[in-house]
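No lab work stands behind these numbers, since they all come straight from the coordinates. Since the model is a prediction, treat every value here as computed from it, not as a measurement. Virtual Cβ from ideal backbone geometry, glycine too; neighbours counted across all protein chains shown.
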Amino acid sequence: AVPLVVAFSTSYSARKGILVKNRLALETLKDVHAVVFDKTGTLTEGKFGITNVLSSKLSEDELLRLTASIEKVSEHVIARAIVETANSKGLKLEEVEDFKAVPGKGVVGKVKGYHIAVGTTLLMKDLEVKEDEELLKRIKELESEGKTVVLIAIDGMLSGVIALADRIREASYLAVGELKRMGKKVIMITGDSEETARYVARELGIDEFFARVLPHEKVQKVKDLQSTSMKVAMVGDGINDAPALIQADVGIAIGSGTHIAIESADIILVRNDPQDVVRLIKLSEVSTRKIL
Ligand code: ADP
Ligand code: MG
């Protein structure tokens, strides 16, 4: 991507809710071989609702209360869903000490003297948390239903899980189908688990996906694709997508995405519609033809 070119928008695309900041990127778009989509907030709506709370020791409400107490300090969309649910149940949240966010993995902190960790299986491995076979089995089941599962450890023991569901955008189905028909390689990339990613990819008809990708690894995936002499478009919404949006030949941000993603992109989809990627490629073909 060409960084910091003067903001530019064609009247055609602006009317259609597409903001082209970098004209050159729009011209490049017709030549891309692969379109890489972030999952959460891009192919999905990124609005999570809690579907299951499983607790092995405490009551489910107490587990939710302690988890929400830590998550209220986090800005992650998962954190916000957990805090909202706790609030709507009238649960009283506690003070947190020694809070730490671990990018792409979760959060840790101390609540009421308990050491609590909330996040992925990777986070639990890093902290050498004692496993619970029954919970691990349930986690696999929930993930294979496409749910995002957050693990909770209390004082070094896996003690519960919270499962959340997100909705795949209707337009994602159409966008993926059309891009494939246009001969583009469609790839999904996510920090979420292998099982959850597989469900969403299968649902959308995406053949290639990378799961459990840590924030700093997304940009490397784009570089890897480019090193096979492919031109790559990246579509994302998150803080962790920003470096990949800059690295890609064409960086496209979802309008409702984070400030830094929008800043880093060449093109912004104001309507949050993945199908606008298809419209943009067609626009790219037409406007180049006019120039020739
Ligand atoms: P994505 O690439 O899907 O947007 P992130 O890189 O932001 O995901 O996070 C990857 C994973 O890390 C999430 O799916 C979640 O399991 C976990 N995670 C990150 N932050 C938090 C948090 N505050 N609370 C619980 N889990 C978290
Ligand atoms: Mg995202």
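Have a look at LEU164, THR121, VAL108 and report the one farthest towards the positive end of the charge dipole of region 49-165, computed about the Cα centre with Cβ charges (Lys/Arg +1, Asp/Glu -1).
LEU164
Report, ordered by chain and residue number, the aspartates and glutamates lying within cross-link reach of LYS130, taken as a straight Cα distance under 15 Å and ignoring same-chain residues fewer than 8 apart.
Counting by Cα, and skipping residues close in sequence, LYS130 has these aspartates and glutamates nearby: ASP155.
For the chain, what does the relative contact order come out to in percent, with C-alpha contacts under 8 Å and a separation of six or more?
For the chain, the relative contact order is 25 percent.
Please order ILE260, ILE116 by the number of other Cβ within 10 Å, starting at the fewest.
Neighbour counts put them in this order, fewest first: ILE260, ILE116.
For the residues LEU135, LEU151, what sequence is obtained by ranking on other C-beta atoms within 10 Å, fewest first?
LEU135, LEU151
For region 137-150, just list the computed ³J(HN,Hα) in residue order, Karplus coefficients 6.51, -1.76 and 1.60, θ = phi - 60°, integers in Hz, with x standing in for Gly and Pro.
With the stated coefficients, region 137-150 comes to 5, 5, 4, 4, 4, 4, 5, 6, 8, x, 7, 8, 10, 9 Hz.
Mind scanning LYS21/LYS282; LYS72/LYS105; LYS47/LYS147; LYS147/LYS218; LYS39/LYS125; LYS57/LYS110 and naming the pairs with a C-alpha gap bigger than 20 Å?
LYS147/LYS218; LYS39/LYS125
Just to be sure I understand: with springs between alpha-carbon atoms less than 10 Å apart, which residue in VAL118, VAL73, VAL277 has the highest mean-square fluctuation in the Gaussian network model of the chain?
Residue with maximal mean-square fluctuation among VAL118, VAL73, VAL277: VAL73.
If the reach is capped at under 18 angstrom between alpha carbons, list the aspartates and glutamates near LYS140, excluding any in the same chain fewer than eight residues apart.
Leaving aside aspartates and glutamates fewer than 8 places away in the same chain, those within reach of LYS140 are GLU131, ASP132, ASP166, ASP192, GLU194, GLU195, GLU203.
Compute the projected area of the convex hull of the Cα atoms of region 204-274, averaged over all viewing directions, and report it in nm² to one decimal place.
Mean projected area for region 204-274: 4.8 nm², to one decimal.
What Kirkwood radius, in Å to one decimal, follows from the Cα pairs of the chain?
Answer for the chain: a Kirkwood hydrodynamic radius of 19.9 Å.
Could you state the per residue volume, in Å³, of the convex hull enclosing the Cα atoms of region 121-229?
110 Å³
For GLY104, list long-range residues whose amide hydrogen, built 1.01 Å from N in the peptide plane, is under 5 Å from its own amide hydrogen.
none
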